[in-house]
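Enquirer: One structure is given below, represented as C-alpha cells, and several questions about it will come after.
The values are calculated or read from the model by the stated rules, or taken from the named source; none is laboratory data. Not measured: the values here are computed from a predicted model. Cβ atoms come from the backbone with ideal geometry, glycine included; neighbour counts cover every protein chain shown.
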There are 2 protein chains.
Amino acid sequence: MNTPSTTANAPLPLTEAQIEQDILQLGKQAKAAALQLALLSSDDKNKILLAMAAGIRAASDDILAANALDIAAGEAKGLSSAMLDRLRLDTNRLEGIASGVEQVANLPDPTNEIMDEWDRPNGIHIQQLRVPIGVIGIIYESRPNVTSDAAALCFKSGNATILRGGSEAIHSNKALAKALQAGGEQAGLPKAAIQLIENTDRASVKYMAQMDQYLDLIIPRGGKGLIETVVSLARMPVIKHYDGICHLYVDAAADLDMAVKITVDAKTQKPSVCNALETLLVDESVAPIFLPLVEKALKAKGVELRADEASQTYLAAGTATATEEDWQTEYLELILAVKTVANIDEAIDHINTYSSKHSDCIITQDEAQVQRFMTEIDAACLFHNVSTRFSDGEEFGFGAEIGISTDKLHARGPMGLKELTSYQYRITGNGQTKS
Amino acid sequence: MNTPSTTANAPLPLTEAQIEQDILQLGKQAKAAALQLALLSSDDKNKILLAMAAGIRAASDDILAANALDIAAGEAKGLSSAMLDRLRLDTNRLEGIASGVEQVANLPDPTNEIMDEWDRPNGIHIQQLRVPIGVIGIIYESRPNVTSDAAALCFKSGNATILRGGSEAIHSNKALAKALQAGGEQAGLPKAAIQLIENTDRASVKYMAQMDQYLDLIIPRGGKGLIETVVSLARMPVIKHYDGICHLYVDAAADLDMAVKITVDAKTQKPSVCNALETLLVDESVAPIFLPLVEKALKAKGVELRADEASQTYLAAGTATATEEDWQTEYLELILAVKTVANIDEAIDHINTYSSKHSDCIITQDEAQVQRFMTEIDAACLFHNVSTRFSDGEEFGFGAEIGISTDKLHARGPMGLKELTSYQYRITGNGQTKS
C-alpha cells in the first residue's frame, strides 16, 4: 500500500467540542506544570534552557524539512515574498534561534526577588515577593521563531506556555516545539511546561481565550485582526501591541542639525517597525529653515512627504497634501506626514489626538519645553533628543524582549522578563489576631 | 397643573443607540479630564478632596432625602433587611463618608515617583516614572459609599472615574456624585473628572465594557454574577475579586494554643468577609488533641463544623459530613469545613486544588514547613502564624483599599493607591541615533 487513498486516511476535522476538550486538557496540564516550574532554581532553569538549545541543534534536519513543507504550502497558496521570507528557516536562522535560547539562560532570573518588605506596628512582617504569573498563552502568526523565543522567555520567568501559532508555519512550529521539549526534558523540563496547540482552526483561539480557569494571560502577536479577535473573546488579561504611530516634534529651541539627523534615523533606519517615525511636527518659527533641510536629507533616503498647507510653503512644489487619514496612519514604509504647528500646545494636542501612545519625541534645547512635553503627553515612551528607534527592550538593557505593550496595565512599553512576573505577599507573625 | 399626567411626562426609555452615545460622550469627556488631572499637584488634589468632603456635608439633607427614596423603593421591592441595611444612610454614616474622603487627602500621592532610572552605555538616560492609569470605570451594586470611596481614591491617584452604580441606590448615588462634583469644582476639580452614569439599564454596562478607546480599566465590585458579566464583555483590563475560600493548615509542629486562637479569630471575628476562614486542614499527628480543643472553642462562638471521616473520629458524635461541595464553598457564615491530612503535601495539594488564591495560612514552629507552604502554594497572600483576617489594605498599611484582587496581573491581593497607577518611560539623550 504505497499509495494510500488520501481521502480515506485523511483525519476527520475535529468537532468544536473536541477542540474545546483538547484545549482544556492542555490548560489543566499547563497549570500543574506551572506549580512545578515555580520550584525550579535558576540553575535548573538555565541548564534546561541550554538543553533546549541543544535540542534544536540536534533536530535541525527535521526542523528544516518541516519548514520546507510550510514554504511549499505557502508558495502553493500564493503567499507574498515578504510572508515567505518571514516563514523561511535556513541553517543560519536556525542557529540564531538556538543561540537566542542560550542567551535567555544568561539573563538574570526575575523571580524570587524581594520587591518590598516592611513591619507593621502589631509585629507582623510583610514581604512582597516576585513570582511567576503561571500559565501564559501566546497566539501568533507566521514567524516560527516566536515559538522558541516566547517559550524560552516565559520558561525563564517560571511560567508554563501554551503556544498557538498560525497555519502557515504549523509544520515548523511542531518541529520546533518538539525539539525544545525533547531537549529540555533531558535536563528536567516538566512535561507540559511548553505545549503547542496543533489545531490551527479559529475555534482553538476562542477556547483558549475563554479558559480563564487555567490561563492567566494571553499575549497575541501579529496583525490587528488577530489582536482584535483575541481582545473581544478573552476573559483573562491580554497584553497587546496595537499601532506605533510615533511623532517627532521639532521645537523652536531645537538644535536643527540634530533634528535632521534624528528625523532621518527615526524614519529610515528601519521603516517597517513599530518604533519608526510616522509624523513630523515642526514649530512654525523654525519651519522655514528646518523643512528644506530635512526634506533634502529625507529625499536622499527615498522618503515621500505628505504635508499640510503651511509646511508645503517651505517644501518642493508638488509635495503631496496630508489628509486626516495621514495623521492616523502607521505607514511602516518610506512615507512621512508633516505638519507645521504654532507652538508646543498645538504639538501636544495633535499627539494626544493621534498618537498610539507608543513613542513620541521632542527635539529641543529648552528644558522647560521638555518638561511640558513629558508631563502632558500620555505615551509609553517619551524621548528627548533621542531617536524613537530606541524604544526597544534590547536598547533599554532588558536583554530580551517579549514585545512592546501599548496597554497601560501591568506592562507598558518594552517588556522584558520582569514583565512576565506577578507577586505574592508573605506575611509572618507570632499569633496575631484581629479579635 | 399640580397633578401632571405621569404617563405623558414620564421619560421615554432610551434606545440602545442613545445609551451607547451617552456612554461614549462620558468616555470622551473623561479622557480629556484625565489629561488635566495628570497635571494637578498633590496640594491641588488634596485641596479638592477636602472641598469634596465639604460638598458632601453641605448637601447632607439632599443626600439623605435621596437615600430615603431608595429605601422606600427597596422596601416596596421587598429587598432583604441585609440589603436595606447596606443601602441605608444616616447622619453618622454620611459623616463617615465625608471623613473617608478627607482621609484620602492625608495619604501620600503615588504619582510622579521615580520607580527606576539608569544610564545606557550610549549615554541615554532612562527614567521609569509612576503616572496615573487614565480613566477607570467602577461598576458596583447597592452600597452608595462606593461612589465616594472609589471616586476619591481614583482621583488622588490622578485618574478620571466613570461610576456605574446599581438601580437600588441610584438616587443616593446621584446625590452623592453631585455633591462631590459641586464641592470639588469650587477648588478646581476638572469637570468630567468624576462622572456617574445615571442610566441603570444593563446596556450601560455593555457599552462601558466595550469602550476601550476611552476606558483604561474596569473594576467591578459586587456579586459573582456582575463580575462574570463584566469579564465576558470587557475589551479592556478588568481587576476583580472572585471568591475568598481561605484555608488554615495546622502543621504537626504547630503551637496548638496559637492554632486554636487563630482559627477562632479567622472564622468568627467577621465571618461575612472574603478574608474569613472557610476550610481547616489538620495534620493527622495533632488531630487527636487539636480537633477537640478547637471544636470546643468554635462551638462557644456558634460555629457549625462539617468534617471528613478522619476528623469525625475526634469530634462530637453527629458532626456533619463534609462533601466535595464543602471544599468549594465560600460560606461567609459560621460554618467551617474540616479535613485531616496525612502531611503538608496533602495540605498543599488540597489548597492548590480548592483555594481561590486569596489568602491561606500555616500554623507551625518549623521554618522548613513554612518555606514549603509559601513556595508551593499559588495565592495572593500566604500567612504564617497570623490570622487571614489581616489580608486587607488597612492592615497592610496602605491607608485605604480599593479592593482585593484575586487576579495575578497588575495588582494582586490588597490594592492601595499605588495599584491605581501605571508608568511611563522618559528617555533623554543628546542626539543618539541607531544608524
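Each row is one residue, and each column tells you yes or no for (1) within 29 Å of B:D407 (Cα to Cα); (2) modelled with pLDDT of 95 or more; (3) not in a strand (DSSP E or B).
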site	(1), (2), (3)
B:Y249	yes, yes, no
B:I262	yes, yes, yes
B:V282	yes, yes, no
B:K299	no, yes, yes
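Enquirer: For segment B:220-237, how many residues meet the condition of being within 11 Å of chain A (Cβ to nearest Cβ) and touching a residue at least 24 places away in the same chain (Cβ under 8 Å)?
Expert: 6
Enquirer: If a residue has to be surrounded by 11 or more Cβ atoms within 10 Å (Cβ to Cβ) and in a loop (DSSP other than H, G, I, E, B) to count, how many in segment B:306-324 make the cut?
Expert: 8
Enquirer: Another question, then. Only residues that are farther than 21 Å from A:M258 by Cα and outside any helix (DSSP H, G or I): list them for segment A:343-377, please.
Expert: Residues satisfying the conditions are A:S355, A:S356, A:K357, A:H358, A:I377.
Enquirer: Here is a follow-up. Hey, can you tell me all the residues within segment A:406-424 that are within 7 Å of chain B (Cβ to nearest Cβ) and either β-branched (V, I, T) or in a strand (DSSP E or B) (or both)?
Expert: A:G413, A:S422, A:Y423, A:Q424, listed by residue number.
Here is a yes/no grid of residues against (1) assigned by TED's automatic domain parsing to the domain that holds A:A76; (2) surrounded by fewer than 24 Cβ atoms within 10 Å (Cβ to Cβ); (3) of a type in the set (A, V, I, L, M):
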{"position": "A:N145", "(1), (2), (3)": "yes, yes, no"}
{"position": "A:A152", "(1), (2), (3)": "yes, no, yes"}
{"position": "A:A160", "(1), (2), (3)": "yes, no, yes"}
{"position": "A:G166", "(1), (2), (3)": "yes, yes, no"}
{"position": "A:L176", "(1), (2), (3)": "yes, no, yes"}
{"position": "A:Q181", "(1), (2), (3)": "yes, yes, no"}
{"position": "A:G184", "(1), (2), (3)": "yes, no, no"}
{"position": "A:L189", "(1), (2), (3)": "yes, no, yes"}
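Enquirer: Pairs, please: C-beta under 8 Å, at least 6 apart or cross-chain, first residue over 16 Å from B:E401 (Cβ atoms) and in segment B:96-119, second among the aromatic types (F, W, Y)?
Expert: B:M115/B:Y423
Enquirer: Restricted to segment B:357-373, and to residues that are among the charged types (D, E, K, R) and either facing chain A (nearest Cβ under 7 Å) or out of contact with any helix residue (DSSP H, G or I) (no Cβ under 7 Å at 6 or more places or on another chain) (or both), which residue is surrounded by the fewest Cβ atoms within 10 Å (Cβ to Cβ)?
Expert: B:E367
Enquirer: Select, from A:A33, A:A65, the only residue that is modelled with pLDDT of 95 or more and either basic (K, R) or over 26 Å from the mean Cα position of the chain (by Cα) (or both).
Expert: Answer to the selection: A:A65.
Enquirer: Of everything in segment B:120-151 that's among the aliphatic types (A, V, I, L, M) and at the interface with another protein chain (Cβ under 9 Å from one of its Cβ atoms), which residue is farthest from B:A54 (Cα to Cα)?
Expert: Of everything passing the filter in segment B:120-151, B:I124 is farthest from B:A54 (Cα to Cα).
Enquirer: Taking B:K408 as the residue in question, decide whether it is under 25 Å from B:R221 (Cα atoms), under 16 Å from the mean Cα position of the chain (by Cα) and surrounded by fewer than 22 Cβ atoms within 10 Å (Cβ to Cβ).
Expert: no
Enquirer: So, one more: For the structure I just gave you, tell me whether A:V282 is surrounded by fewer than 23 Cβ atoms within 10 Å (Cβ to Cβ), among the β-branched types (V, I, T) and not assigned by TED's automatic domain parsing to the domain that holds A:L226.
Expert: For A:V282, the condition - surrounded by fewer than 23 Cβ atoms within 10 Å (Cβ to Cβ), among the β-branched types (V, I, T) and not assigned by TED's automatic domain parsing to the domain that holds A:L226 - is not met.
Enquirer: Every residue in segment A:74-115 that is among the acidic types (D, E) and surrounded by 13 or more Cβ atoms within 10 Å (Cβ to Cβ), please.
Expert: A:E95, A:E102, A:D109, A:E113
Enquirer: On to the next question. Looking only at segment B:251-272, which residues are out of contact with any Lys or Arg (no Cβ under 8 Å at 6 or more places or on another chain), aliphatic (A, V, I, L, M) and within 13 Å of chain A (Cβ to nearest Cβ)? Walk me through it before giving the result.
Expert: We begin by selecting, within segment B:251-272, every residue out of contact with any Lys or Arg (no Cβ under 8 Å at 6 or more places or on another chain); these are B:251-263, B:271-272.
Filter once more, keeping what is aliphatic (A, V, I, L, M): B:252-254, B:256, B:258-260, B:262.
Matches in segment B:251-272: B:A254, B:L256, B:M258, B:A259, B:V260, B:I262.
Enquirer: Another question, if that's okay. Tell me, yes or no, whether segment A:217-237 has at least one residue that is over 22 Å from the mean Cα position of the chain (by Cα) and either farther than 26 Å from A:V341 by Cβ or buried (at least 19 other Cβ atoms within 10 Å of the Cβ) (or both). Explain how you work it out, then say what you get.
Expert: Looking only at segment A:217-237, we keep the residues that are over 22 Å from the mean Cα position of the chain (by Cα), and these are none.
No, because not a single residue in segment A:217-237 is over 22 Å from the mean Cα position of the chain (by Cα) and either farther than 26 Å from A:V341 by Cβ or buried (at least 19 other Cβ atoms within 10 Å of the Cβ) (or both).
Enquirer: Here are B:V260, B:V273, B:V303: which of them is surrounded by fewer than 24 Cβ atoms within 10 Å (Cβ to Cβ) and in contact with a strand residue (DSSP E or B) (Cβ under 8 Å, 6 or more places away or on another chain)? Working first, answer last.
Expert: Numbers: B:V260 fails: in contact with a strand residue (DSSP E or B) (Cβ under 8 Å, 6 or more places away or on another chain); B:V273 fails: in contact with a strand residue (DSSP E or B) (Cβ under 8 Å, 6 or more places away or on another chain).
Matching residue, one of B:V260, B:V273, B:V303: B:V303.
Enquirer: Scanning for something in contact with a Phe, Trp or Tyr (Cβ under 9 Å, 6 or more places away or on another chain), crowded, with 16+ Cβ neighbours inside 10 Å, in a helix (DSSP H, G or I) and touching a residue at least 60 places away in the same chain (Cβ under 8 Å), does segment A:51-72 turn up at least one residue? Break it down into steps so the answer makes sense when it comes.
Expert: Quick first cut of segment A:51-72, residues in contact with a Phe, Trp or Tyr (Cβ under 9 Å, 6 or more places away or on another chain) only: A:52.
Those still in the list that are crowded, with 16+ Cβ neighbours inside 10 Å too: A:52.
Filter once more, so that each one left must be in a helix (DSSP H, G or I): A:52.
Next, from what is left, pick out any that are touching a residue at least 60 places away in the same chain (Cβ under 8 Å): A:52.
Yes, segment A:51-72 contains a residue that is in contact with a Phe, Trp or Tyr (Cβ under 9 Å, 6 or more places away or on another chain), crowded, with 16+ Cβ neighbours inside 10 Å, in a helix (DSSP H, G or I) and touching a residue at least 60 places away in the same chain (Cβ under 8 Å).
Enquirer: Right, B:C361: under 24 Å from the mean Cα position of the chain (by Cα), more than 18 Å from A:E117 (Cβ to Cβ) and modelled with pLDDT of 95 or more or not?
Expert: On the way: under 24 Å from the mean Cα position of the chain (by Cα): yes; more than 18 Å from A:E117 (Cβ to Cβ): yes; modelled with pLDDT of 95 or more: yes.
When the stated conditions are applied, B:C361 passes them.
Enquirer: When the residues of segment B:103-119 are filtered to those that are among the acidic types (D, E) and within 14 Å of chain A (Cβ to nearest Cβ), which remaining residue is farthest from B:R130 (Cα to Cα)? Walk me through how you get there before you give the answer.
Expert: Going residue by residue through segment B:103-119, those that are among the acidic types (D, E) are B:109, B:113, B:116-117, B:119.
Restricting the remaining residues to those that are within 14 Å of chain A (Cβ to nearest Cβ) gives B:113, B:116-117, B:119.
Values: B:E113: 5, B:D116: 9, B:E117: 12, B:D119: 18 Å.
By that ranking, first place goes to B:D119.
Enquirer: Sticking with this one: State which residue is surrounded by the fewest Cβ atoms within 10 Å (Cβ to Cβ) when the search covers only segment B:191-213 and only residues that are hydrophobic (A, V, I, L, M, F, W, C) and not in a loop (DSSP other than H, G, I, E, B). If you could, list the steps in order and put the result at the bottom.
Expert: Restricting attention to segment B:191-213, the residues satisfying the condition of being hydrophobic (A, V, I, L, M, F, W, C) are B:192-194, B:196-197, B:203, B:205, B:208-209, B:211.
So of that shortlist, the ones also not in a loop (DSSP other than H, G, I, E, B) come out as B:194, B:196, B:203, B:205, B:208-209.
Numbers: B:I194: 27, B:L196: 22, B:A203: 17, B:V205: 22, B:M208: 26, B:A209: 23.
The extreme case among them is B:A203.
Enquirer: Moving on. Of the residues that sit in segment B:374-405 and are surrounded by fewer than 21 Cβ atoms within 10 Å (Cβ to Cβ) and within 23 Å of B:S148 (Cα to Cα), which one is farthest from the other protein chains (Cβ to nearest Cβ)?
Expert: Looking at the filtered set, the residue picked out is B:A400.
Enquirer: Got at least one residue in segment B:37-46 being among the hydroxyl-bearing types (S, T, Y), surrounded by fewer than 19 Cβ atoms within 10 Å (Cβ to Cβ) and within 26 Å of the chain's Cα centre (by Cα)?
Expert: Yes, because at least one residue in segment B:37-46 is among the hydroxyl-bearing types (S, T, Y), surrounded by fewer than 19 Cβ atoms within 10 Å (Cβ to Cβ) and within 26 Å of the chain's Cα centre (by Cα).
Enquirer: Filter segment B:73-90 for residues that are outside any helix (DSSP H, G or I), within 12 Å of B:A169 (Cβ to Cβ) and not hydrophobic (A, V, I, L, M, F, W, C) and give the result.
Expert: B:R88
Enquirer: Another question, if that's okay. Test of understanding: among A:S356, A:S311, which residue is at pLDDT below 95 and hydroxyl-bearing (S, T, Y)? Please lay out each step first, then the result.
Expert: Values: A:S311 fails: at pLDDT below 95.
Exactly one residue qualifies, and that residue is A:S356.
Enquirer: Take segment B:238-257 and flag every residue that is buried (at least 20 other Cβ atoms within 10 Å of the Cβ), within 26 Å of B:E346 (Cα to Cα) and of a type outside the set (A, V, I, L, M).
Expert: Selection gives B:G244, B:C246, B:H247, B:Y249, B:D251.
Enquirer: Out of segment A:327-352, which residues are surrounded by fewer than 16 Cβ atoms within 10 Å (Cβ to Cβ) and touching a Phe, Trp or Tyr at 6+ places or on another chain (Cβ under 8 Å)?
Expert: Within segment A:327-352, just A:Q328 meets the criteria.
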